[in-house]
Structures are given as C-alpha cells and as structure tokens.
Amino acid sequence: ARTQVGIIGAGPAGLLLSYLLHSEGIDAVVIEARSREYVERRVRAGVCEHPTVELLREIGVGARLDAEGLPHHGFSLRFDREDHRIALSELTEKTITVYGQQEIVKDLIAAHEAKGYPVEFEVSDVELHGIEDRPRVTYRDADGVSRVLDCDVIAGCDGFHGVSRPSMPGLKAVDREYPFAWLGVLARTPPSHEELIYTYHERGFALHSMRSPEITRLYLQVPVDEKIEEWSDDRIWSELSARLETAGGFSLSEGPILDKGITPMRSFVAEPMQYGRLFLAGDSAHIVPPTGAKGMNLAVADVRVLSRALVDLLQHGRSELAESYSDTCLRRVWRAEHFSWYMTSMLHIDPDGGDFQRRLQLSQLRYTASSRAAATSLAENYVGLPFG
Ligand code: FAD
Ligand code: DHB
C-alpha cells in the first residue's frame, strides 16, 4: 500500500498528527502495536495546558473535553503542613483543564472512525526502511499478514520504547535518571479538595489530582526500584494521609483503587528529532519527569509544528519548515525539560540529599508562595507557553 505519511503509534502524538494532516487533505495511515481497548484504557497524564485545549477545540475534537473536562484556576503547593495557592488564572489569565489522556485518545479514535481515516491496531514486527530517500514501513497486521507501506515521510510517534528512535543514525541522547519513582493510583472516591495539591513532605512527595467529581488520581514518591506488590491498598492510603496532612486538619477521602502502577522518572532528549524523511514526535524523542505535567502537552506541541511542516513539504514542495522542525521543537522541549526538572527537584526528597538540599527546597517553596514574580514564572510555565 501507499500513503503520504506513515505514522507509527496511536498515542496522543500519532493520532493528533494524523487528524491534523487529514484535515489539510494529506493522506496518512496510523499503525499501532496495541489493541484499541488497551490504548483507550491506559491511565496516564491528566493535565491539559491552555494551548492544548485551544488546539483540540479549534480542530473540532473538543466537545467532550468542554463538557466533561474540569477547568482549574489554580493549584496548591502544600508544605509546612499548609496550602499555598498558585492562582493560575489571576497570574496568567489562563487556566488548565483536567481531562484524562485516554479520553483524548478515545475522542481522536472516534473522530478517525467517523471520518474514515485509517488506524490499524495490533500490528507487529514494525520496521523502518529507506529513511534517507524512499521511506517504507514493513509490519504484520492483526491477522499476521506481512504488509508494506510506501510513504513520502515517516512520523515516529511510538513513544519511548518504540522502534523509530533506534532507526535514526547519528542520534545523540541527553539523559538523566532520578533516584525515585512515582506510584500512581486511580480511586473511585470524590476528590478531597477542589484543586490539585503538590505536596512537599519529609516522607516524600505526594500529589492529589482527579479525573471527575467521582474519581481521584493520586501519586506518591517511592524508591526507584520499588515493587508494586509492596504497596497494599491500606499502605497506599495511610502513606497518602501521612504526607497530605495539614495543621488545619485535612481529611483524605478513600475508596476502591481501580488502577495502580509505578512509573520511573527520567529526563531524556534525542537530538536532532529528524533525519532524512523520518520525523520523531512526542515521547519517542523526549521524556520529562511527570511533576510539571508536560509530557502529553509536549507531544501535542510537536505535532502542531510537524503538521504545518509536512503540509508545506508535501503540498507545496517547500522544505524550510521541515528542515527547521527539530530546532523549532527543541526550543520548547528544553523549556519543558527545565521546568519539569525544576518542579521535580523542588518537591521530591532526594535519598542522597542532605540538610543543605532540604533547606534550599523549603526556601524556594516559601519564595514561590510569597513572591508574585516567582509565582507568575511558575504559573506561566504550568499553563503552557504559546505554541511558537
Ligand atoms: P505514547 O502515548 O507512549 O504513544 C506511543 C504509542 O506507540 C503507544 O500507543 C504504543 O503502544 C505505540 N507503539 C510503541 N511501539 C510501537 C511499535 N513498535 N509499533 C507500533 N506502535 C508502537 N505525563 C504526565 O504529564 N503525567 C503523568 O501522570 C504521566 N504518567 C505517565 C505514565 C506512564 C506509565 C508513561 C509511560 C507516561 C506518562 N506520562 C505522564 C507521559 C505522557 O503520558 C506521555 O508524554 C504521552 O503519552 C506522550 O504521547 P506519545 O503519543 O508521544 O506517546
Ligand atoms: C496529573 C499528573 C501529573 O504529572 C501532574 O503533574 C498533575 C496531574 C494527573 O495525572 O492528574
């Protein structure tokens, strides 16, 4: 078969890129290793930046997000057993929207289905060929039949463990691992506070978030090689209560745990993000630790830039935007890398850090909570800088 853009991976990056390209009259095929049920159920990010929400709305896939997403005007930094609110909308005139990543994925798959844009699930043995001049993707379809997809361009949107990045010659990676991980839980219980709470506590970081008025999302800092079996539901709730405690008395509402998992934390950037006719977007090119809620939003920003570049390249024969794709994206990527590293460093207990580091963290938290300038800087990064 033949298409203009072969897209590997049906995460937020691949699906959104496909949708943007089709809307501009460019032909694309998405191939995905997992089943539709699997990608629609995978619990991951929950915070949509202002520019992400605007884009989804603008292209006509924002109806359910507008109906069910929860707009947030601020969040709390909790330390010294007290809340210190960062008033996002007052400081930036913008908000963020809490709406699960898998809901965006569902909406995009439904939009593909409605328009007849092709997405193939459960493919295997995906390989990339001829990325210098004659790109081709070979794979097995869901029935195990060998397929060949000839294309003008390949978009590697297959996440951190995909095949696209390893297919790029001469790629350099800048990398950092953190000495802790996140245990994430999804619980059937109403949120205990109307806003997100990022908590700095001597027992470790904790985050209170949500998905809906009935569903709470919570995270705990845990040791880097922690096993999920070590964490019974009871232990999770008691650790969350200990870390989220306040002087005024905070009561955490408990309920059945629907999903739990451990995510390692790393910073990773592949440079450059393009080689020949292969373009990387989203987690296949870069990873941030989740503390700034930037991962999915960066994937969205990449494909916004990439779709424009590919329209210019494939419809008008102009290659300038394609050639500057990597540089354009990396500027935003590195801003998010810094912000995510900064939020992570300020809020987690480093097992190898000492009193000096803890005093610096507390000082930075107090400054952020008391200085309008410091709070504004945090807020403008958090709500998302405008797409370039
Ligand atoms: P992905 O969503 O990873 O999509 C890539 C897709 O490619 C997947 O569907 C995968 O199955 C598919 N694929 C992989 N290999 C192949 C192959 N060989 N052939 C075909 N398809 C393939 N961010 C936050 O902001 N907050 C969070 O709480 C948070 N939690 C996370 C938890 C986990 C376990 C992970 C992995 C990430 C988390 N993130 C979080 C980050 C955020 O979810 C990602 O940044 C976002 O998913 C990036 O989207 P993407 O489309 O680039 O990649
Ligand atoms: C969520 C995840 C994050 O990484 C974050 O910083 C805030 C909220 C969430 O899943 O709700």
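Just so you know, all these numbers are worked out from the coordinates, no wet-lab data involved. Everything numeric in this text was worked out from a predicted model, so none of it was measured. In this analysis, Cβ positions are derived from the backbone assuming ideal geometry, glycine residues included, and neighbour counts consider all displayed protein chains.
Details
- Cross-link reach list, lysines versus LYS115, counting only Cα pairs under 21 Å and skipping chain neighbours closer than eight places: LYS106
- Principal-axis analysis of the Cα atoms of the chain puts helix 12-23 at an angle of about 50° to the longest axis.
- Inverse of mean 1/r across different Cα pairs in region 91-156, Kirkwood, Å: 14.9 Å
- Note on the chain: with a GNM built from Cα contacts shorter than 10 Å, the maximum mean-square fluctuation among ASP283, ASP125, ASP158 falls on ASP125.
- Binning the alpha carbon pair distances of region 1-84 at 10 angstrom intervals from zero yields the distribution 13, 35, 31, 13, 6, 2, 0, expressed in whole percent.
- Residues of region 364-388 with amide N under 16 Å of a point placed 7 Å along Cα→Cβ from HIS316: none
- Tilt relative to the chain, helix 372-383 - C-alpha long axis, 0 to 90 degrees, to 10: 40 degrees
- For the chain, the spread of Cα positions along the three principal axes, ordered from largest to smallest, is 64, 41, 40 Å.
- Rounded, prolate or oblate (a/c below 1.5 giving rounded, otherwise prolate when a/b exceeds b/c) for region 8-143 by Cα gyration tensor: prolate
- Proportion of all alpha-carbon pairs of region 153-204 beyond 14 Å (%): 77 percent
- Each of ALA142 and GLN357 was given a label point 7 Å from its Cα along the Cα-to-Cβ line. The distance between the two points is 4.7 nm.
- Value of Rg/Rh across region 252-346 [Cα atoms, Kirkwood radius]: 1.12
- Whether region 229-388 is rounded, prolate or oblate, judged on the alpha carbon gyration tensor where a/c under 1.5 counts as rounded: prolate
- Within the listed set ILE257, ILE197, ILE349, the Gaussian network model of the chain (springs between alpha-carbon atoms below 10 Å) gives the highest mean-square fluctuation for ILE257.
- Prolate/oblate/rounded label for region 112-190 (Cα gyration tensor, a/c 1.5): oblate
- Within the straight-line cut-off of under 24 Å between alpha carbons, the lysines reachable from LYS172 are LYS294, sequence neighbours fewer than 8 places apart in one chain being disregarded.
- Spatial extent of region 290-373: Rg and Dmax, with the Cα atoms as the point set, Å: 18.9, 59
- Selected from SER232, SER377, SER89 as most flexible by GNM, with the chain as the system and alpha-carbon contacts under 10 Å: SER232
- Additional length obtainable on full extension of the chain from ASP133 to SER371, 0.36 nm per residue less Cα span: 80.3 nm
- Across region 196-324, Cα-Cα distances exceeding 21 Å account for 56% of all pairs.
- Loop chymotrypsin sites (Phe, Trp or Tyr not before Pro), region 181-229, which have at most 14 other Cβ atoms in a 10 Å radius of their Cβ (DSSP): none
- Among residues other than VAL148 with Cβ under 15 Å from its Cβ, the summed charge is -1 (Lys and Arg +1, Asp and Glu -1).
- Counting only residues at least eight positions apart within a chain, or on another chain, the lysines with an alpha carbon under 17 Å from that of LYS227 are LYS260.
- Converting phi to 3J(HN,Hα) with the Karplus coefficients 6.51, -1.76 and 1.60 and the offset θ = phi - 60°, region 96-112 yields 10, 10, 8, 7, x, 3, 6, 6, 4, 4, 4, 4, 6, 5, 4, 5, 5 Hz in sequence order, with x at every glycine or proline.
- Each residue of region 272-277 is assigned a 3J(HN,Hα), and the resulting list reads x, 8, 9, 8, x, 9 Hz, derived from the Karplus form 6.51 cos²θ - 1.76 cosθ + 1.60 (θ = phi - 60°), x at Gly and Pro.
- Principal-axis tilt of helix 233-244 within the chain, Cα atoms, nearest 10 degrees: 70 degrees
- Measuring max minus min along each principal axis, the C-alpha atoms of region 95-231 give extents of 55, 39, 34 Å (largest first).
- DSSP-defined beta bridges in the chain - what % are antiparallel, rounded to 5: 75 percent
- Given in Å, the Rg to one decimal and the Dmax to the nearest whole number for the Cα atoms of region 257-307 are 13.2, 46.
- Applying 1/(1 + (r/R0)^6) with r as the Cβ-Cβ distance of GLU230 and ASP27 and R0 = 35 angstrom yields a FRET efficiency of 0.10.
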